[in-house]
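*Asks:* Sharing a structure with you now.
The values are calculated or read from the model by the stated rules, or taken from the named source; none is laboratory data. Owing to the predicted nature of the structure, the values given are computational and were not obtained by experimental measurement. So basically every Cβ, Gly included, is an ideal-geometry build from the backbone, and we count neighbours across all protein chains shown. Accessible surface areas use protein heavy atoms only, side chains included; no ligands, DNA or RNA. Shrake-Rupley method; radii C 1.70, N 1.55, O 1.52, S 1.80 Å.
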Amino acid sequence: PEPRAVAYQPPRTPAEVTLADIWQQVLRVERVGRDDNFFALGGDSILGIQVMSRAAKAGLAVTPKLLFQHPTVGELAGVAAAVDAGANGAEQGPVTGALTPTPIQRRFLAQRLSARHHYNQEVLVALKQPLDPEPLRIALRALIDHHDALRIRVRGDELELAGPLPASADPLVAVRLADLPAADRRSAFERIAGQTQSSLDLASGCLFRALLADLGDDGHRLLLVAHHLGVDGVSWRVLIADLVTAYHQAAAGTAVRLPPKTASYRAWARRLAEEEDRHTAEIPLWTDILAGQPAPPPRSDENTYGNSATVTVTADEATSRDLVRSTGAVSAPALILAALGQTLTEWSGAPRVVVDIESHGRDALAEDLDVSRTVGWFTTIHPVALDTGVTARSVKQSLAEIPANGVGYGLLRYGTDPAAAPLRASPEPWVRLNYHGQLVADPGADALFDTAPEDPGPSADPAGVRPYLLDLTAVVAGGRLRVDWTYCPAVHARDTVQALAEAFLTRLREEISRGGAGWTPADFPLARLDQSALDTIAGLLDELG
């Protein structure tokens, strides 16, 4: 076993016992003590959302701010308020009517894709045991009725939430391919999967479909497809858990009862729209960041989803473990951004590069709006400048100086404020980084699902133009950091991207080995110190031993 950061102290109070049990489930560790730090054990902001959801079910109110300020079991149990489980004040019935588009939805609608009905996220799994189509159909309908964002309807550039799924609508396609020759089953499934991906109708009021396939001796497959307008990566963690719950209930012949809803996606969108005027003062910040980026490589009409290619690199287990357990002076995103900035500035020869960073966005508003179980597209994207000589410490300070985790950028860039016209005219970055954190499977899903070898089909229209030339997606799964570098072969050679990806891993290992050493002014906001003064104080403390 790996050495613990602190000596084990068992939980003492009922609240501590509850939180320790939740951390064990979410982080998949054998034992959690009252002095263990959530982030030192591998937790991150996305896994923190799962903690919030499970704590609410157990009668404890936990917010992102509380978790970051009180990261040990003992500290958090002392400040987590007791609540009636399920009594969160959220609307529990279907929420319908006009929906104010969020900044990320406005961004999508503004792209004017010729086939915008085909812009999905999907989950493809091999089933460890066959599923009965009828209980599965009941479970899928329950999910669509329960999670309002799955019922978004698009009319031009306006969005609305439709009512419960009509009885005539069927979200499930079940096919039997077992009678085909074994050599033809995979290609047949992949053809039908591709048809499913392109079959969503944005005017129907249902953004969710499923394909259940019997491949005979090759097993059974389940493909879940949802349009991106209604889901994001965090949403899938909620949907998969609810699908498992609903299927077991339906298969047992009982009524489907899902956990209580948190704040509706419509309530979130309304609150977000009210924030736009409060971010006007940020316009110079964002225009300055974007003005400093070098000219991108020539844009190519061939930069489409269908023409893209991907280079994948994987870090070793030790590097990955140290990354997810980074705490104190730096975080995993800061380490990754620093390594990326070093790689890109050295390659390009430019004094700085500007990268769009994507985050889950659920921490962008006041904490009285709990969305820990809300399905929807919450993503926040904003640019960050990475100068030559960038370090994890400097990235951390830069991120700390960005107001409200960057939500203002999307509100201003895709909003209606006339003062933001210079921002809307600024060139957007051509590199994006999306770090998903640590992917921890749900035990209930583990019992039903396994990875599938087949191709789920194109999640986006192959003719659609990609907004980025280099698009990085990073996730820690199975204890290893995997980074996908998606690029356009007409712009960048594969050897170039492969070399960049390998150089990035080298830089990342170097940053982790340094530990992001040193604190920044962001760690002491009340002290009003600059970096030079802080370094001087740290040096004096070192001399004193």
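*Asks:* Hey, got the dipole for segment 301-412? About the Cα centre, +1 on K and R Cβ, -1 on D and E Cβ, debye to the nearest 20?
*Replies:* Value, rounded to 20: 260 debye.
*Asks:* Right, here's the next one. Just add up the charged neighbours of residue 264: K/R +1, D/E -1, any other residue whose Cβ is under 12 Å from the Cβ of residue 264.
*Replies:* +3
*Asks:* Report for the chain the percent antiparallel among DSSP-assigned beta bridges with both residues inside it, nearest 5.
*Replies:* Roughly 80 percent of the beta bridges in the chain run antiparallel, per DSSP.
*Asks:* Another question about this same structure. Find which of 431, 156, 219 sits farthest along the positive direction of the dipole of the chain, computed with +1 on the beta-carbon of Lys and Arg, -1 on that of Asp and Glu, about the Cα centre.
*Replies:* 156
*Asks:* Below 8 Å, C-alpha to C-alpha, sequence gap of six or more: please give me the relative contact order for segment 283-412 in percent.
*Replies:* This gives 31 percent for segment 283-412.
*Asks:* For residue 57, list the lysines whose Cα falls under 24 Å from its own Cα; do not include residues on the same chain fewer than 8 positions away.
*Replies:* Leaving aside lysines fewer than 8 places away in the same chain, those within reach of residue 57 are 65, 261.
*Asks:* May I ask you to rank 325, 12 by accessible area, largest first, using a 1.4 Å probe over the protein chains only?
*Replies:* Ranked from most to least accessible, the order is 12, 325.
*Asks:* What order do you get for 222-231, 91-100, 177-186 when each peptide is scored by the mean count of other beta carbon atoms within 10 Å, highest first?
*Replies:* Ranking, from highest mean packing down: 222-231, 91-100, 177-186.
*Asks:* Okay, next question. Grab the beta carbon distance between residue 174 and residue 29, set R0 = 35 Å, and tell me the FRET efficiency rounded to 0.05.
*Replies:* 0.35
*Asks:* What does the charge dipole of the chain about its Cα centre add up to, to the nearest 20 debye, if the Cβ of each Lys and Arg holds +1 and the Cβ of each Asp and Glu holds -1?
*Replies:* 620
*Asks:* Right, here's the next one. Measure off, as a whole percent, the carbon and sulfur share of the 1.4 Å-probe accessible area of segment 282-380, all protein chains present.
*Replies:* C and S atoms contribute 50 percent here.
*Asks:* On to the next question. Tell me what the chain gives for mean residue ellipticity at 222 nm when only DSSP H runs of n ≥ 4 count, each as -39,500 (n - 2.57), the sum divided by the residue total, rounded to 500 deg cm²/dmol.
*Replies:* That calculation yields -11500 deg cm²/dmol at 222 nm.
*Asks:* Further, regarding this structure: Can you list the chymotrypsin sites (Phe, Trp or Tyr not before Pro) in segment 5-55 that are in a DSSP coil and have 12 or fewer other beta carbons within 10 angstrom?
*Replies:* 8
*Asks:* Arrange the peptides 55-61, 252-258, 213-219 so that the one whose residues have, on average, the most other Cβ atoms within 10 Å appears first.
*Replies:* Put in order of decreasing packing, that is 55-61, 213-219, 252-258.
*Asks:* Then there is this: Indicate the helices, whole DSSP H runs only, in the chain that combine a mean Kyte-Doolittle hydropathy of 0.0 or more with a Cα extent along their long axis of 15 angstrom or more.
*Replies:* 14-27, 45-57, 133-146, 233-251, 332-348, 531-544
*Asks:* Pairs of alpha-carbon atoms within less than 8 angstrom and 6+ residues apart define the contacts here; what relative contact order does the chain have, in percent?
*Replies:* Once normalised by length, the contact order is 19 percent.
*Asks:* Please report, in debye to the nearest 20, how large the charge dipole of segment 15-119 is about its Cα centre when each Lys and Arg carries +1 at its beta carbon and each Asp and Glu carries -1 there.
*Replies:* 720
*Asks:* Right, another one. Quick one: check the C-alpha center-to-center distance for segment 118-181 versus segment 368-438, whole angstrom.
*Replies:* One Cα centre to the other: 32 Å.
*Asks:* State in Å² the accessible area per residue of the chain; use a 1.4 Å probe, count heavy atoms of protein chains only, and round to the nearest integer.
*Replies:* Roughly 43 Å² per residue, with all protein chains present.
*Asks:* Can you give the relative contact order of segment 13-122 as a percent, counting alpha carbon pairs under 8 Å and 6+ residues apart?
*Replies:* 23
*Asks:* Continuing with this model, one more query. What is the calculated FRET efficiency for residue 281 to residue 514, with r their C-beta to C-beta distance and R₀ = 25 Å, to the nearest 0.05?
*Replies:* So the FRET efficiency works out to roughly 0.10.
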